[in-house]
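Just so it is clear, none of the values below were taken in a lab; they were calculated from the coordinates. These figures come from a predicted structure and were not determined experimentally. Backbone-built Cβ (ideal geometry, glycine too); neighbour counts: all protein chains shown.
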Amino acid sequence: MKLAVVGSGHVGLVAGACFAELGHEVILVDNDPARVTALQRGEAPIHEQFLPELLERHRHTRLSFTGDLAAAVQASRVIFIAVGTPPAEDGAADLSYVESVARGIAGSIHSYKVVVEKSTVPVYTSNWIRTIMLRNGAPPELFDVASNPEFLREGSAVADFLFPDRIVIGADTVRCATVLRDCYLPLAGGSYYLCPGAIPTPDQAQVPPPLIETTAKSSELIKHASNAFLAMKISYINAVASICESVGANVEQVVRGIGSDSRIGPRFLRPGIGYGGSCFPKDLTAFRAVARESGCDFRLLDEVIRINEEQRQRFLGKVRKALWILKGKRLAVLGLAFKGGTDDVRESPALAIVQALLREGCEIAAYDPAAASRAAEIITDQRLTFAKSAYGAAEQADALLILTDWEEFAELDLSRLHTALRYPIVIDGRNLYDPEKMAENGLVYLSMGRPDAIPEKRTDLNLKAA
Ligand code: UDX
């Protein structure tokens with residue numbers, strides 16, 4: 001099938017490459033000429049596993065890039081809108097890009113098209129897209145508007161697209177639902193998984209995935225409600241972690257106990273420094289705005305957001321507990337991205353903590369395998385320097401802080417780390433290590449929701465004594 005994907009950001013680029021992988025002919029449209037040229041040259045502008053391979057595989061055949069929206073619409077049966085929906089000042093989603101694309105599409109419709117919202121948008125957006133298109137001259141019988149939300153996690157977005165837990169299609173007409181079903185047939189019908197070149201099946205993937213058909217409004221709500229629920233799980237476990245600390249329990253043991261209840265499940269119950277990224281913070285405030293506008297006072301969401309923000313303060317409290325005065329301290333920071341496996345620093349709790357520590361007068365040597373240059377664009381403070389390795393960052397530091405869950409941070413050579421640090425103190429916001437093992441290696445170790453670990457015979461490092 002011929003498809004256009006408008007917007008070559010994270011969602012658009014991954015969706016476009018994956019639709020090409022499924023055998024469709026895809027035109028990716030972007031209004032940034034530099035981005036289009038870079039994509040035509042074969043550059044992958046985001047750090048995403050398998051994306052470079054897919055772009056290379058399909059760039060000269062089924063996947064093309066253009067700035068010409070009208071031509072792409074005319075050539076395509078289905079047009080996916082995947083442009084940004086950043087938060088407006090009041091927290092609601094700013095849908096001006098979506099509106100402008102809808103206007104752009106309207107003028108180029110001469111045969112039946114399905115227009116699909118793939119960006120995360122509030123309920124009623126499909127109605128508005130339809131209205132805007134009609135106002136701009138699109139013939140009503142020649143198009144339908146549908147919702148098909150994406151559940152892509154950064155870092156594993158390609159695998160999430162090709163091996164989804166479910167595919168949600170929100171279509172209000174049979175004709176439109178049929179077209180969308182066809183787009184996903186290689187996944188829902190299972191043929192993709194038999195292809196020799198298919199990307200490796202992730203653990204626990206359910207193939208073929210179920211395809212859930214709903215109305216457009218239900219589909220729009222599914223996306224916001226899913227992300228809010230996942231964020232709620234994280235805030236819930238972070239609040240439980242605080243209680244664990246107060247009473248001397250271990251949150252990892254508690255998670256094992258509650259997560260093994262199949263009604264709850266173990267995923268998204270990792271305590272830490274709070275959620276960040278381009279989706280959860282934005283979607284939570286947007287969903288809260290949707291609820292408010294529809295007359296529902298969804299105060300649970302306020303609490304989820306509050307706990308998340310408090311989590312950074314709790315981490316900073318641990319740094320103070322270990323070091324007392326922060327001014328003038330040299331700290332090693334591992335991780336700037338909002339989570340491991342990505343170079344994205346948007347709404348990164350790690351970056352917020354670094355900024356807070358700089359404000360307190362700390363000097364910071366940071367290491368992140370992918371996000372350093374993006375972080376450097378945001379924080380220009382001279383007291384933040386970037387190291388080439390975890391050990392380089394740790395050199396003569398008063399303490400090491402782990403802020404992002406990169407896999408390589410969980411596999412450090414502890415004796416080398418001990419030698420590099422001025423004081424053997426590790427404050428781990430992601431619970432990457434076993435506290436006992438850290439103490440055995442002579443490290444004072446503070447983590448989230450677990451008892452502090454202090455090496456034997458190091459009374460100078462004993463936090464209680466301090
Ligand atoms: C999320 C959703 O998972 C995805 O379905 C949606 O389409 C986009 O938003 P993403 O933002 O890429 O994906 O990251 P995700 O892996 O969900 O993590 C979000 C944040 O929560 C990160 O900061 C992460 O570190 C944090 N997190 C996640 C936790 O603190 N604990 C957990 O148990 C899981």
Bridge orientation stat for the range 2-214 from DSSP, antiparallel percent rounded to 5, came to 5
So, with points 7 Å from each Cα along the Cβ direction, the Phe229-Val207 label distance in nm works out to 2.6
With R₀ set to 30 angstrom, the calculated FRET efficiency between the beta-carbons of Glu89 and Ile264, to the nearest 0.05, is 0.25
The chain: relative contact order from alpha carbon pairs under 8 Å, six or more residues apart, as a whole percent, is 11
Bridge orientation stat for the chain from DSSP, antiparallel percent rounded to 5, came to 5
Expected sort for 277-285, 385-393 on mean C-beta neighbours within 10 Å, highest first, is 277-285, 385-393
Given a Förster distance of 25 Å, the FRET efficiency implied by the Cβ-Cβ spacing of Gln74 and Thr37, rounded to the nearest 0.05, works out to 0.65
Looks like the range 249-326, by Cα gyration tensor root eigenvalues a ≥ b ≥ c and the a/c under 1.5 rounded cutoff (else prolate when a/b is bigger than b/c, oblate otherwise), is oblate
Taking r as the C-beta separation of Glu310 and Glu53 and R0 as 35 Å, the FRET efficiency to the nearest 0.05 is 0.30
Surpassing 20 Å at the alpha-carbon level, of the pairs Lys2/Lys118; Lys118/Lys223; Lys118/Lys282; Lys113/Lys282, are Lys113/Lys282
Of 107-116, 395-404, ordering from highest average Cβ density within 10 Å down gives 395-404, 107-116
A correct Stokes-Einstein calculation for the chain, using the alpha-carbon Kirkwood radius, 37 °C and 0.692 mPa s, returns a whole-number D in µm² s⁻¹ of 138
Quotient of Cα radius of gyration and Kirkwood radius for the range 337-466, i.e. Rg/Rh, equals 0.96
Listed by chain and number, the lysines with an alpha carbon less than 27 angstrom from that of Lys318, same-chain partners under 8 positions apart left out, are Lys233, Lys327, Lys329, Lys339, Lys388, Lys437, Lys457, Lys464
